[in-house]
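First comes the structure, then the notes that go with it.
The values are calculated or read from the model by the stated rules, or taken from the named source; none is laboratory data. Since we're looking at a predicted model, the values are computed, not measured. A quick note on method: Cβ atoms are made from the backbone with ideal geometry, for glycine too, and the neighbour counts reach across all protein chains shown. The area values use the complete protein model at the heavy-atom level, side chains included, leaving out ligands, DNA and RNA. Shrake-Rupley method; radii C 1.70, N 1.55, O 1.52, S 1.80 Å.
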Amino acid sequence: MTEKNSMPGSNSGLPDLYRHMRRVRTFEERVGELFVRGKSAGSMLHLSVGEESAAVGVCSHMHDGDTFTTHHRGHGIFLARGADPARMMAEIAGKETGYCHGKGGSMHIADMGLGHLGANAIVGGGIPAVVGAGLAARNGKKDVVSLAFFGDGATGQGILYESMNMAALWRLPVMFVCINNQYGMGTRIDQATANPRLHERAEAFGLVARTVDGLEVEEVADAAAELIAGARAGKPAFLAIECYRFYGHARKDKSPYRAEAEEAEGRNKDPVLRARTKLIESGIMAETDLDAMDAEIAQEMDATIDFAVSGNEPQMSSMFRDVYAPEEAEPEPVRTRIERILARQ
Amino acid sequence: MIETTYRGALRQALTDAMQENEAVVIMGEEVGRYGGAYGVTKGLIDEFGEDRVIDTPISEAAIVGAAVGAAMAGLRPVAELMYVDFIGMTMDQLANQAAKIRYMFGGQIGVPMILRTQGGTGRSAGAQHSQSLEAYVMHTPGLRLAMPATVEDAYHLLRQAMKQPDPVVFIEHKGLYTMKGELDTSAEPAAWGKARVMREGSDVVIVSYSRQLHHALAAADTLEKENGIQAAVVDLRTLNPIDFATIRPLVEQAGRAMVVSEGVMTAGVAAELAARITEECFDYLEDPVVRVAGEDIPISVSPLLEKHSVPTPEFITEVARMMLK
């Protein structure tokens, strides 16, 4: 059985944070397996392995009703907000049983019910939506916050700066979360920006800004707690989380543009392993208990593949659905038009 | 004569142009060390250096805008937009700047730049990485538009584009990069702006471009074998300029025409072509000009839905049969 609506909360201690990070890690590994088995819809699968602390640490301080957008590497964030991993996997396989009925895929998974305003395949494309969601929260006097998750690559996009300025100007309940995994596709951060101290940009706009080390999930969670609380009170924030992208840009990319030594060092910054070691060394959990927890998660995530593979293909009739609202007419298929035109001749 | 791929031919064109002209620079996301998202610029940074093969941040608007300025200041920039779907982010620089500078400033200066990009379906890349947006470009006076369908044109059309005095948007198809073919770089290509008749036929004329050209050719083969129908097939090569002189006599002879495009049907390239053929060849037409185009919907990640969102060879064949019944 896969677990629905399983997410970390603000009272989560390290065992719970670890468990959720492990779920993200294992889910991403299964996505890789789905691809290898030839069952994914395409190969544009961007894994967040190495970035689990960002997803879990930040999401642990989000509440029901809060909204968020993610970039193309957003599986972990969605999972940490309570997504059903089976429906996620089915979407990644392009199946009718997926979150978006096979129309979105890995880069466009969303569930409005969980406050997910959408994953995005345009770099920076999802960022300004949180400004709008912040306006709606302010005008509706709702105690909710809206978070934009994006990678370091998006700091090259002008729309980030336009959005940060608006959020600061209007004191919106908004937070910008930059998951700095050091790489925008094949370009390392220092090859893409002259000043890699990204939080300084946010400060320049008047946001409360911090950078934290993604190796320590508790540090991420503590920073998120403080900044999100501030954002709720009308002090918009920016949080950069330093981590390392363990694998290539997408599933097929073997990252020939970076040295093996660099990769090995980067993979030492493993937030999941770090939390595990801490739990054992501090005597909070025994290794055998952690093994049992991991095994249970592995079983849960194995089931996501079965669910995805056994799901139906979308029906052809669904092709014209949801271009417009359900009460509106669907676009007329090309075939229908041609048959009608030629029948008159 | 060499055996190469569409991708290899594009790379050869860039290499030759860079060797010939110091002013040619390539700029875009992942064009250097990575070698291009689809491998077109692989190795060029080693041969020409970082000052001429320039990796940029993920800043599409500024990439195109910088290319505009570089072209005005004497360089011959080839900017790369990784996916044509990202054109929205560059649209001001492309449509309000590059396209209008010559006219607004009374002909004082042109913007001889190339925007190389790729589009189309076939990789389950989803709604924001699979579109065919050539109509956005064709709808903007001041921009030239080239869309190569063959290995030969991947080379020759790009070389010709790089000699144009005005901005050219050069859209490749992601489904063609591995297509093999023979290339003679010294051959005299069809002139810039000239369409190519790929196949003669007197029953129906199929006008197409980019990957759909191959679907049209496959359909024409089937129609000949199974129905004895002779379909002429035209590769437009450039959508601005449009070579109507080549299309007209074929349509006047056959009396029937079909336009095949992967872009969406409504207000698309196929609509423009169908209108043009109808206006210019009205007295000769036996049937309305038929648009076989992309459905008026976004592209799904599901391979099944994706495949049927755009014309297939089977559908083109079927429509031709309906026309000639």
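Would you please classify the overall shape of chain B from the alpha carbon gyration tensor, given that a ≥ b ≥ c denote the square roots of the eigenvalues, rounded means a/c under 1.5, and beyond that prolate means a/b larger than b/c while oblate covers the rest?
prolate
What residues does segment A:190-238 have that are buried by at least 30 Å² of accessible area in the full protein assembly compared to the chain on its own, 1.4 angstrom probe?
A:GLN191, A:ALA192
Suppose only helical runs count, i.e. DSSP H with n ≥ 4. What mean residue ellipticity at 222 nm does that imply for chain B under -39500 (n - 2.57) per run, divided by all residues and rounded to the nearest 500 deg cm²/dmol?
-9500 deg cm²/dmol
Roll a 1.4 Å probe over the protein chains and send me the accessible area per residue for segment B:2-183 in Å².
The answer is 35 Å² per residue.
Using the crude model of +1 on Lys and Arg Cβ and -1 on Asp and Glu Cβ, and no other charge, please compute the dipole size for segment B:2-183 relative to its Cα centre, in debye to 20.
340
Once you keep just the Cα pairs under 8 angstrom separated by 6 or more residues, what percentage relative contact order results for segment B:196-324?
In percent, rounded to a whole number, it is 28.
Could you work out the relative contact order of segment B:2-183, using alpha carbon pairs under 8 angstrom and six or more residues apart, expressed as a whole percent?
Across segment B:2-183, relative contact order equals 28 percent.
Per q in 0.20 1/Å, what log10 I(q)/I(0) does a Debye calculation on the alpha-carbon atoms of segment A:95-232 return?
-1.32
Can you give me the angle between helix B:60-72 and the longest principal axis of chain B, using Cα atoms only, in degrees from 0 to 90, rounded to the nearest 10?
It works out to around 80 degrees.
Using a 1.4 Å probe on protein heavy atoms, which residues of segment A:144-169 have at least 30 Å² less accessible area in the complex than alone?
Checking the loss per residue gives A:GLY156, A:GLN157.
What is the average number of partner chain Cβ atoms found within 10 Å of a Cβ in B:256-268?
On the way: counts 0, 0, 1, 0, 0, 0, 0, 0, 2, 6, 2, 0, 0.
Counting other chains' Cβ atoms within 10 Å and averaging over B:256-268 gives 1.
Using the beta-carbon distance between A:SER318 and B:LYS307 and R0 = 25 Å, what value does 1/(1 + (r/R0)^6) give for FRET efficiency, to the nearest 0.05?
0.95
Which residues make up the longest stretch of chain B that has no GluC sites (Glu not before Pro) in a DSSP loop with at most 15 other Cβ atoms within 10 Å? Walk me through the intermediate numbers first.
Details: sites that count: B:GLU22, B:GLU50, B:GLU200, B:GLU286.
My reading of the result: B:51-199 is the longest stretch.
Which trypsin sites (Lys or Arg not before Pro) from segment A:1-71 combine a DSSP loop assignment with at most 14 other Cβ atoms within 10 Å? Working shown, then result.
Details: sites: A:LYS4, A:ARG19, A:ARG22, A:ARG23, A:ARG25, A:ARG30, A:ARG37, A:LYS39; in loops: A:LYS4, A:ARG37, A:LYS39.
Answer by residue number: A:LYS4, A:ARG37.
Cα gyration tensor of segment B:196-324, axes a ≥ b ≥ c as square roots of the eigenvalues: rounded (a/c below 1.5), prolate (a/b > b/c) or oblate?
Note, shape of segment B:196-324 comes out oblate.
Amide H of A:GLY184: which non-local residues (sequence gap of 5 or more, or other chain) have their own amide H closer than 5 Å, using H built in the peptide plane?
HN-HN under 5 Å from A:GLY184: A:ILE189.
Here are some pairs, A:LYS39/B:LYS307; A:LYS39/B:LYS180; A:LYS39/A:LYS252; which of them have Cα atoms lying more than 26 Å apart in this structure?
Table pairs above 26 Å Cα-Cα are A:LYS39/B:LYS180.
For segment A:14-343, give the percent of accessible area contributed by carbon and sulfur heavy atoms, probe 1.4 Å, rounded to a whole number. Display every interim value, and only then the final one.
Numbers: 6650 of 12890 Å².
The C+S portion of the solvent-accessible surface of segment A:14-343 is 52 percent.
Explain nothing, just compute: Karplus ³J(HN,Hα) = 6.51 cos²θ - 1.76 cosθ + 1.60, θ = phi - 60°, for every residue of segment B:121-126 in order, whole Hz, x for Gly and Pro.
Ordered by residue, 3J(HN,Hα) equals 8, x, 10, 6, 8, x Hz.
Only helical DSSP H runs with n ≥ 4 go in: add -39500 (n - 2.57) per run for chain A, normalise by residue count and round the 222 nm mean residue ellipticity to 500 deg cm²/dmol.
-13500 deg cm²/dmol
With each pseudo-label sitting 7 Å past Cα toward Cβ, what's the A:TRP170-B:GLU280 distance in nm, one decimal?
If labels sit at A:TRP170 and B:GLU280, their model points lie 5.0 nm apart.
What FRET efficiency, computed as 1/(1 + (r/R0)^6) with R0 = 35 Å and r the Cβ-Cβ distance, is obtained for A:GLU327 and A:ASN139, rounded to the nearest 0.05?
Efficiency at R0 = 35 Å is approximately 0.85.
How many percent of the accessible area of chain B is carbon or sulfur, using a 1.4 Å probe?
Result for chain B: 50 percent of the exposed heavy-atom area is carbon or sulfur.
What does the charge dipole of segment B:196-324 about its Cα centre add up to, to the nearest 20 debye, if the Cβ of each Lys and Arg holds +1 and the Cβ of each Asp and Glu holds -1? Don't skip to the end; give the middle numbers.
Numbers: 11 positive and 20 negative charges, 59 e Å.
Around 280 debye, computed over segment B:196-324.
By Kyte-Doolittle mean hydropathy of at least 0.0 and Cα axial length of at least 18 Å, which whole DSSP H helices of chain A are selected?
Long hydrophobic helices here: A:127-139, A:217-232.
Is the shape of segment A:14-343 best called rounded, prolate or oblate, per the rule: a/c under 1.5 gives rounded, else a/b larger than b/c gives prolate, else oblate, with a ≥ b ≥ c the square roots of the Cα gyration tensor eigenvalues? Each step should come with its number before you reach the end.
Numbers: a/c = 1.61, a/b = 1.19, b/c = 1.35.
Here segment A:14-343 falls in the oblate category.
Roughly how large, in nm² to one decimal, is the mean projection of the convex hull of the alpha-carbon atoms in segment B:39-86?
Mean projected area of the Cα convex hull: 3.7 nm².
Let me know the charge dipole size of chain B about its Cα centre in debye, to the nearest 20, where only the beta-carbon of Lys, Arg (+1) and Asp, Glu (-1) is charged.
With only Lys, Arg, Asp and Glu charged at Cβ, the dipole is about 200 debye.
Taking 8 Å as the Cα distance limit and 6 or more residues as the minimum spacing, I'd like the relative contact order of segment B:133-207 as a percentage. Let's see the in-between values first.
On the way: 59 pairs, mean separation 22.6, N = 75.
It comes to 30 percent, rounded to a whole number.
Work from the charge dipole of segment A:120-198 (Cβ charges, +1 for Lys and Arg, -1 for Asp and Glu, about the Cα centre) and give the residue of A:GLY151, A:GLY126, A:THR187 farthest towards its positive end.
Comparing the listed Cα positions along the dipole, A:GLY126 ranks first.
Say the dipole of the protein assembly as shown comes from +1 at the beta carbon of Lys and Arg and -1 at that of Asp and Glu; which of A:VAL177, A:GLY283, A:MET7 then lies farthest toward its positive end?
A:VAL177
Using protein chains only (no ligands, no nucleic acids) and a 1.4 Å probe, work out which residues of segment A:303-326 have their accessible area cut by at least 50 Å² relative to the chain alone.
A:MET316, A:MET319
Buried accessible area between A and B (1.4 Å probe, both chains summed, ligands and nucleic acids excluded), in Å² to the nearest 100?
Result for this pair: about 3800 Å² buried.
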